1. So which pairs qualify, if the first residue must be in the stretch 25-36 and on the phi < 0 side of the Ramachandran plot, the second must be in a helix (DSSP H, G or I), the Cβ gap must be under 6 Å, and the two must be at least 6 apart or on different chains?
2. Starting from the stretch 46-70, take each residue that is over 20 Å from A28 (Cβ atoms) and list its partners that are loosely packed, with under 10 Cβ neighbours inside 10 Å, counting only C-beta distances under 6 angstrom and pairs at least six apart or across chains.
3. For the stretch 21-34, name all the residues that are in a helix (DSSP H, G or I) and either modelled with pLDDT of 95 or more or open to solvent by 40 Å² or more (accessible area, probe 1.4 Å) (or both).
4. Of all residues in the stretch 35-67, how many are modelled with pLDDT of 95 or more, among the polar types (S, T, N, Q) and surrounded by fewer than 10 Cβ atoms within 10 Å (Cβ to Cβ)?
5. Mind listing just one residue for me: the one in the stretch 1-20 that is of a type in the set (A, V, I, L, M, F, W, C) and at pLDDT below 90 and, of those, surrounded by the fewest Cβ atoms within 10 Å (Cβ to Cβ)?
6. Looking at this structure, is R70 out of contact with any Asp or Glu (no Cβ under 6 Å at 6 or more places or on another chain) and modelled with pLDDT of 95 or more?
Amino acid sequence: MIDAKIIASTSDVLTANEAGLLLRVHAATVKRLAALGEIPGQKVGKSWRFSRQALLDWLGQKQANQVSTR
């Protein structure tokens with residue numbers, strides 16, 4: 001079996017579970033945030049898919065905004 005943590009750190013396209021591992025939140029949280037447009041993601045059929053780089057860029061931007069508002 002392939003370890004989901006390895007996939008989350010190396011694959012360009014992630015499932016909600018893998019995105020959750022990358023962001024260290026539950027997959028349901030990832031899906032909810034994506035549905036609300038809070039994080040970058042694309043629905044493919046009934047499943048969500050996420051660009052690893054887009055999530056890392058989003059996270060970096062969120063951190064930069066927090067630092068600049070202090």
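The values are calculated or read from the model by the stated rules, or taken from the named source; none is laboratory data. Note that the structure is predicted; figures quoted are calculated from it, not measured. Glycine gets a Cβ as well: all are built from the backbone with ideal geometry, and neighbour counts include every protein chain shown. With ligands, DNA and RNA removed, areas are computed over all heavy atoms of the protein, side chains included. Shrake-Rupley method; radii C 1.70, N 1.55, O 1.52, S 1.80 Å.
1. Every condition considered, the pairs that remain are H26/G20; A27/A16; A27/N17; A27/G20; V30/A16; V30/A19; V30/G20; K31/A16.
2. none
3. Correct list: L21, L22, A27, A28, T29, V30, K31, R32, L33, A34.
4. Residues in the stretch 35-67 being modelled with pLDDT of 95 or more, among the polar types (S, T, N, Q) and surrounded by fewer than 10 Cβ atoms within 10 Å (Cβ to Cβ): 0 in total.
5. M1
6. Taking the combined requirement at face value, the residue does not satisfy it.
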